[in-house]
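**Student:** Handing you a structure now.
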Amino acid sequence: MVSVPLSRRGFLAGIGGVGMASLLGACATGSDDSSGAAASATLTLQSSLSDPDPKAALTKVVEGYSKTPVTLNTIAIETFRAQLPTYLNSGNPPDVLTWYAGSVARDYASKGFLLDVSDLWTGNGACAGFSDALKELSTADGKQIFVPTNYYWWGVFYRKSAFQEWGVQVPTTWDEFIQVCKTIKSKGVAPISMGTGSTPWVASGWFDYLNLRINGAEFHRDLLAGKHAFDGPEVKTVMDHYRQLVEYIDPKGRSYSWQDAVTPLTAKKAGMYLIGAFITSGVPSDAVDDLDFFRVPIIDPSVPVAEEAPTDGYFASAKSKNPEGAKELLSYLASAPAQQQFIQLAKSSNLPTSQQVDTSTFAPLVQKGIKLLNESKAITQFFNRDSSDELQTTADTALTKFLDKPGDVNKILAEWQASAKKVLGS
C-alpha cells in the first residue's frame, strides 16, 4: 500500500485492456504560526513516505522547490493513516499531503476536506497531459481533488534461483499453485510469506485477488461499495480458497511487518510473497536481479483477468492558509523532472504518471510489470483504495482473525458484515 524502492486502492476502474504505459516526525498539523502573511510564507508537506530511500528522495525533490519555503514532515505510515482525518480536520492543517487516489481520496473529499485542484487539469496545468483514466481516478463530484504521480503493480514474488533449487515451475492455475506450495513445504520451507503483524492490511492482498479471480472485478468493486454482503455465498467461496492457503503461510508472519516478511523470502526460507512492487525496497542489492514475479493464478477461466495497480500522489487541504501556494507545490511535484528525480533517487519500482518521463531504461522487472498490466482485462487498486480506510479496518480485523482461527470463518464473516454495515451506513 505504500509506494517505493527497487534496490518500494477505480484507478482504471472498469477499463479493460488499456495500455498502462499510456495511462500514464513530527508535526500533526501545519506551521504553528497561523497568523497573516507568516502562515502563507511557508507550506507544510505531510508525508507518509517513511522508508529510508523514498524519504530521502522526497526530501531532495522538495529541496529543489524554490518558489515557497516548504516544511517536510515525515510520519510513519500506520500513524499517518490513523491520524489523517485529524490532520485534515485540524484548524491549521498541513497544506499538502501524500496519500492514495480513488475511493479513499473521494471519501475525504466528500467530507469537504480536500482542495479543488481542477485548474491543474486544464489548459497548461501540470496534470493536463495525464490520461482520462487518471483524471477520473482523481475526480470527486465533478471536481479534481488529487494529483497522481506514480503507480505500481502487485504480484506473487519469488527468487528464480530458489524455484530452480526446489524444482518448481511458475504456476498458471490454482491447482498448480497448490502443488507448488506442497512441493516447497516438503523442502522444509514455508511456501508463502506474509507480514500481518503491524501491517495487517497485507492480508487483504489475497482476499482481493481471490475475489477478483473467483467473482470478478465488478463484483469486487460492488462488494467494497456495500452492494453485496461479506457473509454472502460469493465471499464464502473466496474464503474457502483462502483457507486452502493457511497451512502454507509462514506462521511467523503474524508477528512480522510487511518489510519483515521480505527477509525470509530473500533468504530462501519462504517461497513466495503476494505483495506490491514496493517489495523491492527490502531486497538486498545482490538479490534484486534474482527476484521475479507471476500473476496470481487463474481459478475460473471464464472470469476476465484483473490486476491491482494502486496509484499514489498528493492532495491539498481545503483549509490551507495558502491554497494557491499549495497548488503551485502540487504542480511542481507532478512535473516530469520531479517524478523522474523521485523515482531515480528512491530506487523506485513505481511508474510515473507523466508521459514525459522516459521509461525505456527502467529495470526488466518493471518492464514486466508494465506488460502484466497491459495484458489485464480490468484494473482495481487495493481494498482501502477501492473503499475507505474505515472499511479497511474491518478487513484487517476479520482477516487476521481468520488467519488465526480459519475454522471460525462463518462467525468471522458475519461479524465482518455487521462491522461493514456500520461503516457503510446501510
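**Student:** For a quick check of your reading of the model, give me the residue pairs whose first member lies in the stretch 388-412 and is under 18 Å from SER198 (Cβ atoms) and open to solvent by 60 Å² or more (accessible area, probe 1.4 Å), whose second is in a helix (DSSP H, G or I) and aliphatic (A, V, I, L, M), with beta-carbon atoms closer than 9 Å and at least 6 apart or on different chains.
**Tutor:** From residues that are under 18 Å from SER198 (Cβ atoms) and open to solvent by 60 Å² or more (accessible area, probe 1.4 Å), the pairs are THR393/VAL423; THR397/ILE412; LYS401/ILE412.
**Student:** Now for a different question. Can you tell me which residue in the stretch 286-315 is modelled with the highest pLDDT, limited to those that are under 29 Å from ALA338 (Cα atoms) and among the hydroxyl-bearing types (Ser, Thr, Tyr)? Let's see the steps before the verdict.
**Tutor:** Keep residues of the stretch 286-315 that are under 29 Å from ALA338 (Cα atoms), which gives 286-289, 291-293, 307-315.
If we keep only those that are among the hydroxyl-bearing types (Ser, Thr, Tyr) too, we end up with 311, 314.
Working: THR311: 89, TYR314: 98.
Result: TYR314.
**Student:** Would you mention how many residues in the stretch 265-285 are hydroxyl-bearing (Ser, Thr, Tyr), modelled with pLDDT of 95 or more and open to solvent by 10 Å² or more (accessible area, probe 1.4 Å)?
**Tutor:** Selection size over the stretch 265-285: 1.
**Student:** A further question follows. With VAL262, VAL288 as the choices, which residue is surrounded by 24 or more Cβ atoms within 10 Å (Cβ to Cβ) and out of contact with any Lys or Arg (no Cβ under 7 Å at 6 or more places or on another chain)? Step through it out loud before you land on a result.
**Tutor:** On the way: VAL288 fails: surrounded by 24 or more Cβ atoms within 10 Å (Cβ to Cβ).
Only one candidate passes the filter, namely VAL262.
**Student:** So which of THR79, THR98 is surrounded by fewer than 16 Cβ atoms within 10 Å (Cβ to Cβ) and within 22 Å of the chain's Cα centre (by Cα)? Full working, then the answer.
**Tutor:** On the way: THR98 fails: surrounded by fewer than 16 Cβ atoms within 10 Å (Cβ to Cβ).
Just one listed residue meets the conditions, THR79.
**Student:** Can you tell which of GLY226, GLY197 is over 18 Å from SER388 (Cα atoms), open to solvent by 10 Å² or more (accessible area, probe 1.4 Å), small (Gly, Ala, Ser) and part of a loop (DSSP other than H, G, I, E, B)?
**Tutor:** Working: GLY226 fails: over 18 Å from SER388 (Cα atoms).
From the options GLY226, GLY197, the qualifying one is GLY197.
**Student:** Return the only residue of TRP174, TRP153 being surrounded by 14 or more Cβ atoms within 10 Å (Cβ to Cβ), within 21 Å of ILE379 (Cα to Cα) and within 19 Å of the chain's Cα centre (by Cα). Steps first, please.
**Tutor:** Values: TRP174 fails: within 19 Å of the chain's Cα centre (by Cα).
So the residue among TRP174, TRP153 that is surrounded by 14 or more Cβ atoms within 10 Å (Cβ to Cβ), within 21 Å of ILE379 (Cα to Cα) and within 19 Å of the chain's Cα centre (by Cα) is TRP153.
**Student:** Another question about this same structure. Could you go through the stretch 328-351 and let me know if any residue there is at pLDDT 95 or above, open to solvent by 10 Å² or more (accessible area, probe 1.4 Å) and among the basic types (Lys, Arg).
**Tutor:** Looking for residues that are at pLDDT 95 or above, open to solvent by 10 Å² or more (accessible area, probe 1.4 Å) and among the basic types (Lys, Arg), one finds none in the stretch 328-351, hence no.
**Student:** Further question: Please work out if PRO304 is under 30 Å from GLY129 (Cα atoms) and surrounded by fewer than 23 Cβ atoms within 10 Å (Cβ to Cβ).
**Tutor:** On the way: under 30 Å from GLY129 (Cα atoms): yes; surrounded by fewer than 23 Cβ atoms within 10 Å (Cβ to Cβ): yes.
It is true that PRO304 is under 30 Å from GLY129 (Cα atoms) and surrounded by fewer than 23 Cβ atoms within 10 Å (Cβ to Cβ).
**Student:** Moving on to the next point. Give me a count of the residues in the stretch 352-365 that are buried (at least 18 other Cβ atoms within 10 Å of the Cβ) and more than 18 Å from THR139 (Cα to Cα). Lay out the reasoning, then the answer.
**Tutor:** Here is the first cut: in the stretch 352-365, the residues buried (at least 18 other Cβ atoms within 10 Å of the Cβ) are 352-354, 357, 362, 365.
Then keep just the ones that are more than 18 Å from THR139 (Cα to Cα); that gives 352, 357, 362, 365.
Residues that pass the stated criteria total 4.
**Student:** Step by step: first the residues of the stretch 125-140, then only those that are modelled with pLDDT under 95 and open to solvent by 30 Å² or more (accessible area, probe 1.4 Å), then the one that is farthest from ALA190 (Cα to Cα). Which residue is that? Explain how you work it out, then say what you get.
**Tutor:** Step one: filter the stretch 125-140 for residues modelled with pLDDT under 95, giving 129-140.
Next cut, open to solvent by 30 Å² or more (accessible area, probe 1.4 Å) only: 129, 132, 135-136.
Numbers: GLY129: 46, ASP132: 43, LYS135: 42, GLU136: 41 Å.
Here the answer is GLY129.
**Student:** If you don't mind, another one. What residue, of GLN164, GLN169, is surrounded by fewer than 16 Cβ atoms within 10 Å (Cβ to Cβ), over 27 Å from the mean Cα position of the chain (by Cα) and assigned to a loop (DSSP other than H, G, I, E, B)? Reasoning before the result, please.
**Tutor:** Values: GLN164 fails: assigned to a loop (DSSP other than H, G, I, E, B).
Going through GLN164, GLN169 in turn, just one is surrounded by fewer than 16 Cβ atoms within 10 Å (Cβ to Cβ), over 27 Å from the mean Cα position of the chain (by Cα) and assigned to a loop (DSSP other than H, G, I, E, B): GLN169.
**Student:** Okay, next question. How many residues does the stretch 306-344 hold that are within 19 Å of the chain's Cα centre (by Cα), more than 24 Å from LYS143 (Cβ to Cβ) and in a helix (DSSP H, G or I)?
**Tutor:** Residues in the stretch 306-344 being within 19 Å of the chain's Cα centre (by Cα), more than 24 Å from LYS143 (Cβ to Cβ) and in a helix (DSSP H, G or I): 2 in total.
The values are calculated or read from the model by the stated rules, or taken from the named source; none is laboratory data. Predicted model only: the values in this text are computed from it and were never measured. When we count neighbours, we look across all protein chains shown, and the Cβ atoms used for this are built from the backbone with ideal geometry, even at glycine. Surface accessibility is based on the protein's heavy atoms, side chains included, excluding ligands, DNA and RNA. Shrake-Rupley method; radii C 1.70, N 1.55, O 1.52, S 1.80 Å.
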